[in-house]
Amino acid sequence: MLNKSRKPTETPIYKKIIVGAGTQIANYIIILFISISIGALVIFLSGMDPLAAYLALIKGAFGNWIKTADTLDRSTVMILAGIAGTLAFRTNVINLGLEGQLYIGAFAAALVGFSITGLSKAVHIPLCLLAGMLGGAIWTLPVIYMKLRWNITELVTTLMMNYIAIRFTEYLIAFPFKDPTARLAGSPVLEASARLPKLIQGSTLNIGFIIAIATAIYIYWFLFKSKTGYEMRMVGLNKDFAAASGIPVNRSYTLAMMMSGAIVGLGGAIMITGFFGRFLGSFSSGYGWDGMMIALLAQNHPLGVIPASLFYGALANGALAMQSATGVPQTVVVMVKGTVVFFVTVTVFVRFIRRRLTKWVT
């Protein structure tokens, strides 16, 4: 009598979730431990106390409700920049121009904020944010044209557009839109009707943080639940196969680039209307570049951008307090961030952890 061949049993979905989520959590814990240890070693070799330095950093970021709220506010633009990077990288668009798009979006929002008067907050604020999004999106059009017309890689054009945007906005606030009453080059102060409402009095946290969280949720839905998002992800996975399947590749590329620019432009608009109250030269400390690192840290997942941005925001907000309290330079924080991104990028521990978890679960 012949034995019937047994069908291989499929792994239950809950076990797949345990393995997938457990792998990522364990991987980040190991990477964070190594990065903090390397930073502690550098601090120790410099003759300072690593424990005191890290405690000062944590206290500076989360010491009380006001500091915690300020950390959340610092994370707002990072969330939006990270989502912009995620959307681009997920669809295989190399957008290195986030910093420039941030500047253009910020200036566009400021222009609407100080030049239009007599509006209510309910009208003026959305107009400023919309202007920021349009500014960031429009700044990607030359890149899109050169890519589709002459197949010039966006790796170069987006990078060069950063410098043009930064210098162009510096010119605008130094000459045609300079506030004559300001000691430093800057635009006129925004109308009160263009300023974002605060969420917690005494802190810089405003409704921009809620907008950033809502944007992350929407982009997750768009990429993974909508038809257009599916097409864009397919183009990102294999452009030739997508084209052969009838997916409009050029349209997907254009939409991804413009949406990426619009989202980071929104981040610039929120910084101006929620924090600075006017456009200032060099207002960004490299948030566009941080967005690309955050996207890598989140492994190009829109919801993963949120904790990654909070981590970056806490480091940035606590670094100054650490330096003031212990004398440890803020460059140590930069080194910790770089170490984290390095280990996430090379995925040193992922295979080992996944193999171990799979054996344990099954």
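The values are calculated or read from the model by the stated rules, or taken from the named source; none is laboratory data. Remember, predicted model here, so these are calculated numbers, not experimental data. We place every Cβ from the backbone using ideal geometry, glycine too, and count neighbours over all the protein chains shown. Ligands, DNA and RNA are excluded from the accessible area calculation, which covers all protein heavy atoms including side chains. Shrake-Rupley method; radii C 1.70, N 1.55, O 1.52, S 1.80 Å.
Do we find a residue being of a type in the set (Phe, Trp, Tyr), open to solvent by 50 Å² or more (accessible area, probe 1.4 Å) and within 28 Å of ILE144 (Cβ to Cβ) anywhere in region 264-284? No, there is no match, as no residue in region 264-284 is of a type in the set (Phe, Trp, Tyr), open to solvent by 50 Å² or more (accessible area, probe 1.4 Å) and within 28 Å of ILE144 (Cβ to Cβ).
Applying a threshold of 6 Å to beta carbon distances and a minimum spacing of six or more residues, or different chains, the list of pairs starting in region 328-354 at a residue that is closer than 15 Å to GLY291 by Cα and ending at one that is assigned to a helix (DSSP H, G or I) and β-branched (Val, Ile, Thr) reads VAL340/ILE31.
Picking from residues in region 10-34 that are touching a Leu at 6+ places or on another chain (Cβ under 9 Å) and at pLDDT 80 or above, the one that is least open to solvent (accessible area, probe 1.4 Å) is ALA26. Taken together, the criteria exclude ILE30 from residues that are closer than 14 Å to ARG354 by Cβ and either free of Cβ contacts under 8 Å to residues at least 12 places away in the same chain or not in a helix (DSSP H, G or I) (or both).
Here's a check for you: in region 206-220, which residue that is in contact with a Pro (Cβ under 9 Å, 6 or more places away or on another chain) and open to solvent by 20 Å² or more (accessible area, probe 1.4 Å) is nearest to ILE66 (Cα to Cα)?
It comes out as ILE207.
Across region 152-167, the number of residues qualifying as assigned to a helix (DSSP H, G or I) and without any contact (Cβ under 8 Å) to a residue 12 or more places away in the chain comes to 3. The residue pairs whose first member lies in region 263-274 and is at pLDDT 95 or above, whose second member is among the polar types (S, T, N, Q) and in a helix (DSSP H, G or I), and whose beta carbons are closer than 7 Å, counting only pairs six or more residues apart or on different chains, are ILE263/THR215; VAL264/GLN101; GLY265/GLN101; ILE270/THR76.
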